[in-house]
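Okay, structure first, notes after.
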Amino acid sequence: QVRLEESGGGSVQTGGSLRLSCVASGSVFESYAMGWFRRPPGKAREFVAAIDWLGQRTYYADSVKGRFTISRDNDKNTVYLEMSQLQPEDTAVYYCGADPEFGIHREYEYDYWGPGTQVTVSS
């Protein structure tokens with residue numbers, strides 16, 4: 001059992017930056033690859049970024065490539081999402097997920113999810 005808790009969301013203007021954090025508890029953190037997904041208003045949840053167990057491989061959705069950076073600190077049981085050059089279309093609830101298989105964008109591979117944190121980007 002893994003419990004995930006996101007934080008760091010908020011409201012920013014276009015071009016601004018935010019850093020999301022997701023703290024895991026309850027199991028061996030480095031047993032899981034981690035991912036960030038988001039759910040824009042009125043839309044389905046979509047893949048944002050993923051990182052493997054040791055932080056050696058990362059993958060990004062094309063829409064965030066070059067603007068977002070995923071990282072992890074296994075000593076702190078935490079995965080981060082640094083977001084810069086934020087645009088109104090980045091407005092969404094952001095979720096972190098834990099995946100034992102490194103399915104990257106395959107949402108069904110993720111076993112555990114946090115409750116989400118709201119990010120709102122205004123123009």
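Scan (1) surrounded by 17 or more Cβ atoms within 10 Å (Cβ to Cβ); (2) among the charged types (D, E, K, R); (3) closer than 16 Å to Q87 by Cβ for the single condition R72 breaks and write down its number.
Of everything listed in (1) surrounded by 17 or more Cβ atoms within 10 Å (Cβ to Cβ); (2) among the charged types (D, E, K, R); (3) closer than 16 Å to Q87 by Cβ, R72 misses just condition (3).
Mind counting the residues in the stretch 1-36 that are modelled with pLDDT of 95 or more, under 18 Å from D75 (Cβ atoms) and among the acidic types (D, E)?
Total satisfying the criteria: 1.
State whether the residues of the stretch 79-101 include one that is closer than 18 Å to V23 by Cα, in a strand (DSSP E or B) and among the small types (G, A, S).
Checked against the condition, which is being closer than 18 Å to V23 by Cα, in a strand (DSSP E or B) and among the small types (G, A, S), the stretch 79-101 yields at least one hit.
Which of the residues spanning the stretch 9-32 are in contact (Cβ under 8 Å) with a residue 60 or more places away in the chain and of a type in the set (V, I, T)?
Those that are in contact (Cβ under 8 Å) with a residue 60 or more places away in the chain and of a type in the set (V, I, T): V12, T14.
Could you look through the stretch 78-123, keep only residues that are at pLDDT 95 or above, of a type in the set (S, T, Y) and closer than 20 Å to S27 by Cβ, and pick out the one that is surrounded by the most Cβ atoms within 10 Å (Cβ to Cβ)?
Out of the qualifying residues, it is Y95.
For the stretch 1-34, what are the residues that are among the aliphatic types (A, V, I, L, M), open to solvent by less than 30 Å² (accessible area, probe 1.4 Å) and not in a strand (DSSP E or B)?
V2 - this is the single residue of the stretch 1-34 that is among the aliphatic types (A, V, I, L, M), open to solvent by less than 30 Å² (accessible area, probe 1.4 Å) and not in a strand (DSSP E or B).
Within the stretch 1-42, count every residue that is of a type in the set (G, A, S), over 16 Å from P100 (Cα atoms) and within 16 Å of the chain's Cα centre (by Cα).
Here the count works out to 6.
Quick check, is T91 in contact with a strand residue (DSSP E or B) (Cβ under 7 Å, 6 or more places away or on another chain) and farther than 14 Å from F37 by Cβ?
Yes: the conditions hold for T91.
In the stretch 35-64, how many are part of a strand (DSSP E or B), open to solvent by less than 50 Å² (accessible area, probe 1.4 Å) and touching a Lys or Arg at 6+ places or on another chain (Cβ under 6 Å)?
Result for the stretch 35-64: 3.
Going by the conditions given, is A49 farther than 18 Å from S17 by Cβ, of a type in the set (A, V, I, L, M) and touching a residue at least 12 places away in the same chain (Cβ under 8 Å)?
no
The values are calculated or read from the model by the stated rules, or taken from the named source; none is laboratory data. A quick note: this is a predicted structure, and the numbers were derived from the prediction, not measured. Positions of Cβ are backbone-derived with ideal geometry, glycine not excepted, and every protein chain shown enters the neighbour counts. Quick note on the areas: whole protein, heavy atoms, side chains included, nothing else; ligands and nucleic acids left out. Shrake-Rupley method; radii C 1.70, N 1.55, O 1.52, S 1.80 Å.
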